[in-house]
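Down below is the structure, laid out as structure tokens.
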Amino acid sequence: LLEPGDVARLDLTIDGADEIDPDLTATKGGGCAHLREKVVATMSERFVIIATSDKQVERLGDTFPIPIEVVPFALEPVRRTVTEEGFQVVARRRRDGGLVITDNGNHLLDARLAGGIEDPAVVDVWLATVPGVVTSGLFVDLAERAVLGNVDGSVVTVMRPAE
């Protein structure tokens, strides 16, 4: 394993996703590592998602929450700000009730929006402007394809729509 500072570019990154929309925008962060995974994905020439076909959704953020990594000092102000925009927001907790702490020493908020997010790119940019937000689990314009496995064992490859 190498540190990101030791590598200029990567040829290929293959990773899973919690949800994928028709544009191959993905939600990642169910495992609390989306910041590091986003850094690696943005360093890559090609980013391919592998997942089961049930991860495909029309809109992100309805059935699976959007993870938002937040510096501890700003957890409550960020929660209020995101809630004011119509999201249902909860701090992610461990089984013992304590707050989840990421590998980067931050906390996570999980945000859902009834009906899903209409434009994930806009939401991702907006979240990045909220003081205290480190990043969201929205992976916009990163994946070039998704390889999806079906319950019958077949595999479908979905390419990002041409722009």
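The values are calculated or read from the model by the stated rules, or taken from the named source; none is laboratory data. Not measured: the values here are computed from a predicted model. Please note: Cβ atoms are built from the backbone with ideal geometry, for glycine as well, and neighbour counts cover all protein chains shown. Ligands, DNA and RNA are stripped out before the accessible areas are found, and what is left, the full protein with its side chains, is counted by its heavy atoms. Shrake-Rupley method; radii C 1.70, N 1.55, O 1.52, S 1.80 Å.
Points worth noting:
- Some residue of region 60-83 being free of Cβ contacts under 8 Å to residues at least 24 places away in the same chain and of a type in the set (S, T, N, Q): yes
- Selection of region 118-144 for residues being over 18 Å from Ala74 (Cα atoms), open to solvent by less than 60 Å² (accessible area, probe 1.4 Å) and of a type in the set (Val, Ile, Thr) yields Val123, Val140.
- The residues in region 36-48 that are of a type outside the set (D, E, K, R) and open to solvent by less than 40 Å² (accessible area, probe 1.4 Å) can be counted, and the count is 5.
- When Leu75 is tested against the conditions (1) in contact with a Lys or Arg (Cβ under 6 Å, 6 or more places away or on another chain); (2) part of a helix (DSSP H, G or I); (3) among the aliphatic types (A, V, I, L, M), the lone failure is (1).
- Test result for Glu45, among the acidic types (Asp, Glu) and under 27 Å from Arg94 (Cα atoms): no
- Region 145-157, residues that are under 20 Å from Arg46 (Cβ atoms) and open to solvent by 50 Å² or more (accessible area, probe 1.4 Å): Arg145, Val155, Val156, Thr157
- Residues in region 94-110 that are in contact with a strand residue (DSSP E or B) (Cβ under 6 Å, 6 or more places away or on another chain) and open to solvent by 30 Å² or more (accessible area, probe 1.4 Å): Leu99 only.
- Residue within region 44-59 that is within 16 Å of the chain's Cα centre (by Cα) and among the hydroxyl-bearing types (Ser, Thr, Tyr) present: no
- Here Leu1 meets the list (1) of a type in the set (A, V, I, L, M, F, W, C); (2) under 14 Å from Arg145 (Cβ atoms); (3) part of a loop (DSSP other than H, G, I, E, B) almost entirely, failing just condition (2).
- Boolean, Ala51 is assigned to a strand (DSSP E or B), in contact with a Gly (Cβ under 7 Å, 6 or more places away or on another chain) and either surrounded by 13 or more Cβ atoms within 10 Å (Cβ to Cβ) or without any contact (Cβ under 8 Å) to a residue 12 or more places away in the chain (or both): yes
- Conditions (1) modelled with pLDDT under 95; (2) surrounded by fewer than 23 Cβ atoms within 10 Å (Cβ to Cβ); number of the one not met by Gly29: (2)
- From the list Leu142, Leu127, Leu99, the one residue that fits, being among the aliphatic types (A, V, I, L, M) and in contact with a Lys or Arg (Cβ under 7 Å, 6 or more places away or on another chain), is Leu99.
- Pairs where the first residue, in region 24-48, is farther than 18 Å from Gly61 by Cβ and the second is part of a helix (DSSP H, G or I) and of a type outside the set (A, V, I, L, M, F, W, C), C-beta under 8 Å, 6+ apart: Val39/Pro4; Val40/Pro4; Met43/Pro4
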